[in-house]
Amino acid sequence: DKLGIGRAALPEEVAAWDHDVRPDGLGLPEGSGDVLTGEELFSESCAVCHGEFAEGVDNWPELAGGLGTLDREDPVKTVGSFWPFLSTTWDYVHRSMPYGNAQSLSDDEVYAILAYILYSNDLVDDDFVLSKASFAEVELPNAGGFILDDRDSTELPVFIREPCMTDCKATVEITAHATVLDVTPNDTTDDGAAVAEVAEAVADATGDAPAPEAAAAEAAPEAVEPAVAAPVETAAADPELVAAGEKVFKKCAACHKVGDGAKNAVGPALNGIVGRPAGTVEGFKYSKPMLDAGAGGLVWTHDELSGYLADPKGYMPKNKMSFAGLKKDSDLEAVIAYLSTFGQ
Amino acid sequence: GPDPLITEVQPWAQGLGDGVDASPYGLPIRFEGDVVRRNVEWLTADTISSINFTPIHALDGTITPQGCGFERHHSGAIELSKDDYRLMINGLVDTPLVFTYADLERFPRETRTYFLECAANTGMEWAGSQLNGAQFTHGMIHNMEYTGVPLRLLLEEAGVKTEGKWVLAEGADASSNGRSIPLEKAMDDCLVAFKANGEALRKEHGYPVRLCVPGWEGNMWVKWLRRIEVGDQPWEQREETSKYTDTLADGTSRKWTWVMDAKSVVTSPSPQMPIKHGPGPLVITGLAWSGRGSITRVDVTVDGGKTWMPARLAAPGQDMAVSRFYFDHVWDGSEMLVQSRAIDSTGYVQPTKTELRDFRGLNSIYHNNCIQTWWVKANGEAENVEVS
């Protein structure tokens with residue numbers, strides 16, 4: 001029985017609030033946008049958090065890459081590697097982005113930004129135009145990667161049981177300690193370094209700022225490598241300067257690894273970077289400007305590195321590194337001295 | 001010798017205290033200043049799209065005071081007044097409707113106590129012991145007494161068409177946090193709540209109106225609820241595809257893992273609550289809850305799970321609400337490996353971390369309801385550990 005409370009919603013009121021878009025395309029407005037327009041819009045409105053190439057900045061989500069990582073440790077979950085439906089991206093960008101200025105993008109702009117996100121994931125070519133009409137043609141790689149909650153049939157038969165009360169196991173050993181990582185806030189035993197290193201691992205693992213996808217404990221030994229690796233001493237290395245540089249390097253460590261076993265991460269591994277031709281670390285996907293510079297003979301000498309690190313975007317426009325730069329000469333000297341201690 | 005606190009006249013026994021209205025809305029006395037929400041800075045890029053943790057280690061009973069119930073925002077906690085509040089019901093309904101806040105107060109209402117647990121609670125512990133404190137490992141939960149209108153009544157007022165099978169709940173903030181909910185659940189026990197623990201919701205919990213989805217993951221409890229749409233299919237929005245899906249070891253991901261499994265944790269002793277009194281009588285206490293029903297029993301072990309003993313429930317369990325348990329122990333002063341194990345009205349027994357990993361691997365992020373271990377040392381300090 002109806003109580004007669006409330007009033008009928010007017011059609012224009014429903015239209016003002018009902019923006020949702022479903023996987024079958026229901027709710028999509030007319031419109032279109034191309035990759036190149038999207039690249040400009042992305043650079044203006046999105047890159048501050050997501051990076052020029054949708055690779056993510058700091059703990060902000062990466063939107064591109066990660067294909068084939070879902071069954072590995074710390075999967076990289078992006079629109080390309082993880083999201084099942086393009087409609088979700090349309091809906092979210094249109095409704096909630098840019099962060100702090102939501103619902104400011106026109107429908108065409110949303111189509112264009114999506115076209116660029118698809119391009120940055122190598123899913124479309126640079127002449128691609130996304131429109132209401134072409135929307136249904138795009139299938140994301142992980143569309144088939146989801147199953148419905150199956151706990152009722154898999155887990156409940158095991159976990160609904162008679163609980164053991166006595167002699168449940170013969171021995172008990174401690175197999176892991178929280179204090180090994182020591183990342184608890186307000187813990188006076190923190191040395192800061194551990195927190196920074198785990199933050200880095202989290203940044204690697206996190207597809208979204210809020211979800212606390214935390215670092216694997218197993219990742220810690222690798223992550224703290226820079227602190228424990230014995231530096232390759234060189235005649236010129238001033239121990240104090242190197243120590244200072246190690247601290248400065250924490251600003252870089254979110255993206256760059258250095259030391260024994262260092263691998264490419266958001267940025268290339270930096271062993272032997274001082275004196276190395278630009279754009280030549282094996283396996284790292286460089287920006288075109290960086291590759292061109294290397295082909296043109298750029299070598300990371302002390303002076304070139306110093307110029308680059310002081311102002312990455314000014315030194316080399318459109319390169320991939322989303323870092324504001326080191327403003328103090330003393331920091332530049334220190335971090336270069338520190339990097340000099342790592343050979344190939 | 002005699003205690004001067006007893007033998008000497010103390011200032012509070014001689015002079016006068018505060019008058020009434022010294023604090024028109026009372027706050028905890030300054031000695032309780034450490035009983036506060038805390039965040040973990042390195043988890044998130046900023047504090048606006050972020051989470052903090054309820055100080056469960058320092059609370060007792062079952063009700064979480066609103067002022068220390070954890071916060072989770074995707075676009076920050078917005079200010080939305082009752083006067084500016086509108087709730088729209090649209091989609092596959094006979095008559096799309098708009099309600100004001102005052103309208104909601106005219107519907108028959110209910111008062112029920114429910115827990116709200118973030119699906120990511122304990123998520124940092126999947127890969128190993130990581131955070132040292134019950135607040136940080138298990139503090140993405142609160143338990144409040146909600147007052148509001150059954151969602152069913154609002155849907156019936158609009159008249160759900162027969163092809164309607166799902167509802168989309170959406171918030172008024174920039175994130176909107178849309179979630180698809182099966183119509184069956186919406187018509188069963190979902191509550192459009194405007195009061196918690198007897199008073200208005202706090203801003204950070206969705207003032208003036210939030211959705212309660214009892215027993216299901218906290219992300220679905222849309223805050224600043226502004227719209228309910230009825231549809232014939234789910235919407236597959238961001239918070240139900242790219243987030244709040246659980247990736248298994250083989251790379252496939254479970255979706256629609258809405259219900260929160262039975263879970264418990266010892267809140268004291270724990271890393272933030274060391275034993276300071278030495279051997280002798282010791283109260284071991286904690287919380288237990290289940291999204292599938294009520295807590296019927298909690299067991300406690302002090303030897304890492306070789307031997308278990310039933311704890312005492314403070315009150316009979318209520319469906320989808322937190323239970324408090326006590327285990328009155330006599331501590332001999334030696335090391336303990338303290339755990340608790342919840343059992344709910346379906347017979348579900350809280351699993352070990354190893355058992356969960358066997359099903360889900362290490363990358364699930366969400367829905368970690370494993371048994372938690374605190375290693376209590378002879379000096380009374382405790383640490384978050386894992387045991388074989």
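If you go through segment B:321-335, how many residues are buried (at least 24 other Cβ atoms within 10 Å of the Cβ) and either within 12 Å of chain A (Cβ to nearest Cβ) or assigned to a loop (DSSP other than H, G, I, E, B) (or both)? Explain how you work it out, then say what you get.
So the first thing to find is which residues in segment B:321-335 are buried (at least 24 other Cβ atoms within 10 Å of the Cβ), and the list is B:322-323, B:325.
Remaining after also requiring either within 12 Å of chain A (Cβ to nearest Cβ) or assigned to a loop (DSSP other than H, G, I, E, B) (or both): B:322.
The number of residues fulfilling the criteria is 1.
Mind checking which residues of segment B:175-187 are surrounded by 21 or more Cβ atoms within 10 Å (Cβ to Cβ) and either assigned to a loop (DSSP other than H, G, I, E, B) or within 14 Å of chain A (Cβ to nearest Cβ) (or both)? Those that are surrounded by 21 or more Cβ atoms within 10 Å (Cβ to Cβ) and either assigned to a loop (DSSP other than H, G, I, E, B) or within 14 Å of chain A (Cβ to nearest Cβ) (or both): B:Ser175, B:Ser176, B:Asn177, B:Gly178, B:Arg179, B:Ser180, B:Ile181.
So which of A:Thr69, A:Thr88 ends up being part of a helix (DSSP H, G or I) and either within 15 Å of the chain's Cα centre (by Cα) or facing chain B (nearest Cβ under 9 Å) (or both)?
Exactly one of A:Thr69, A:Thr88 is part of a helix (DSSP H, G or I) and either within 15 Å of the chain's Cα centre (by Cα) or facing chain B (nearest Cβ under 9 Å) (or both), namely A:Thr88.
Output yes when any residue across segment A:21-33 is of a type outside the set (Phe, Trp, Tyr), open to solvent by 60 Å² or more (accessible area, probe 1.4 Å) and not in a loop (DSSP other than H, G, I, E, B), and no when none is. No: zero hits.
Tell me, which residue of segment A:45-56 that is aliphatic (A, V, I, L, M) and open to solvent by less than 20 Å² (accessible area, probe 1.4 Å) is farthest from the chain's Cα centre (by Cα)? Talk me through it step by step, then tell me what you get.
Our first condition is that a residue be aliphatic (A, V, I, L, M); within segment A:45-56, this holds for A:47-48, A:54.
After this cut, where a residue has to be open to solvent by less than 20 Å² (accessible area, probe 1.4 Å) as well, the list is A:47, A:54.
On the way: A:Ala47: 12, A:Ala54: 8 Å.
Of everything passing the filter in segment A:45-56, A:Ala47 is farthest from the chain's Cα centre (by Cα).
Counting only residues that are within 27 Å of B:Gly123 (Cβ to Cβ) and either acidic (Asp, Glu) or open to solvent by 10 Å² or more (accessible area, probe 1.4 Å) (or both), segment B:188-200 holds 2 of them. When the residues of segment B:291-320 are filtered to those that are part of a strand (DSSP E or B) and out of contact with any Phe, Trp or Tyr (no Cβ under 8 Å at 6 or more places or on another chain), the one that is nearest to the other protein chains (Cβ to nearest Cβ) is B:Asp303.
Taking the listed residues B:Trp374, B:Trp331, the one that is over 30 Å from B:Ala249 (Cβ atoms) and either touching a strand residue (DSSP E or B) at 6+ places or on another chain (Cβ under 6 Å) or modelled with pLDDT under 95 (or both) is B:Trp331, with no other qualifying. Could you list all residues from segment B:244-268 that are open to solvent by 10 Å² or more (accessible area, probe 1.4 Å) and of a type in the set (Asp, Glu)? Answer for segment B:244-268, where residues must be open to solvent by 10 Å² or more (accessible area, probe 1.4 Å) and of a type in the set (Asp, Glu): just B:Asp250. The C-beta contact set for segment A:259-271 (first residue surrounded by fewer than 17 Cβ atoms within 10 Å (Cβ to Cβ), second residue outside any loop (DSSP other than H, G, I, E, B) and modelled with pLDDT under 90, distance under 7 angstrom, 6+ apart or interchain) comprises A:Asp260/A:Glu225; A:Gly261/A:Glu222; A:Gly261/A:Glu225.
Take A:Asp122 and tell me if it is among the charged types (D, E, K, R), open to solvent by 40 Å² or more (accessible area, probe 1.4 Å) and out of contact with any helix residue (DSSP H, G or I) (no Cβ under 8 Å at 6 or more places or on another chain). Yes, satisfied. Look at segment B:28-48: where a residue is at the interface with chain A (Cβ under 10 Å from one of its Cβ atoms) and a partner is open to solvent by 80 Å² or more (accessible area, probe 1.4 Å) and assigned to a loop (DSSP other than H, G, I, E, B), sitting 6+ places away or on another chain with Cβ atoms under 6 Å, you get B:Ala45/A:Asp58.
Considering segment B:351-372 alone, what residues qualify as being under 19 Å from B:Met309 (Cα atoms) and either at the interface with chain A (Cβ under 8 Å from one of its Cβ atoms) or open to solvent by 50 Å² or more (accessible area, probe 1.4 Å) (or both)? Break it down into steps so the answer makes sense when it comes.
First pass over segment B:351-372, keeping only residues under 19 Å from B:Met309 (Cα atoms): B:351-352, B:370-372.
Those that are under 19 Å from B:Met309 (Cα atoms) and either at the interface with chain A (Cβ under 8 Å from one of its Cβ atoms) or open to solvent by 50 Å² or more (accessible area, probe 1.4 Å) (or both): B:Pro351, B:Thr352.
Across segment A:106-118, a minimum of one residue is classified as more than 9 Å from every other protein chain (Cβ to nearest Cβ) and loosely packed, with under 15 Cβ neighbours inside 10 Å. Residues that are among the small types (Gly, Ala, Ser) and surrounded by 15 or more Cβ atoms within 10 Å (Cβ to Cβ) were ranked within segment A:159-183; the one that is nearest to B:Thr301 (Cα to Cα) is A:Ala176. Reported count of residues in segment B:51-69, each being hydroxyl-bearing (Ser, Thr, Tyr) and over 30 Å from A:Asn59 (Cα atoms), is 2. For segment A:119-153, the candidate set comprises residues that are part of a helix (DSSP H, G or I) and more than 19 Å from the chain's Cα centre (by Cα); within that set, the residue that is farthest from the other protein chains (Cβ to nearest Cβ) is A:Glu137.
Would you point out which residue out of B:Ala288, B:Ala315 is within 17 Å of B:Leu59 (Cβ to Cβ) and open to solvent by 50 Å² or more (accessible area, probe 1.4 Å)?
Working: B:Ala288 fails: open to solvent by 50 Å² or more (accessible area, probe 1.4 Å).
Exactly one of B:Ala288, B:Ala315 is within 17 Å of B:Leu59 (Cβ to Cβ) and open to solvent by 50 Å² or more (accessible area, probe 1.4 Å), namely B:Ala315.
The values are calculated or read from the model by the stated rules, or taken from the named source; none is laboratory data. In this text, all values refer to a predicted model and were calculated from it rather than measured experimentally. Quick reminder, even Gly has a Cβ in these numbers, built from the backbone with ideal geometry, and neighbours come from all protein chains shown. Protein only, heavy atoms only, side chains kept; ligands, DNA and RNA dropped before computing areas. Shrake-Rupley method; radii C 1.70, N 1.55, O 1.52, S 1.80 Å.
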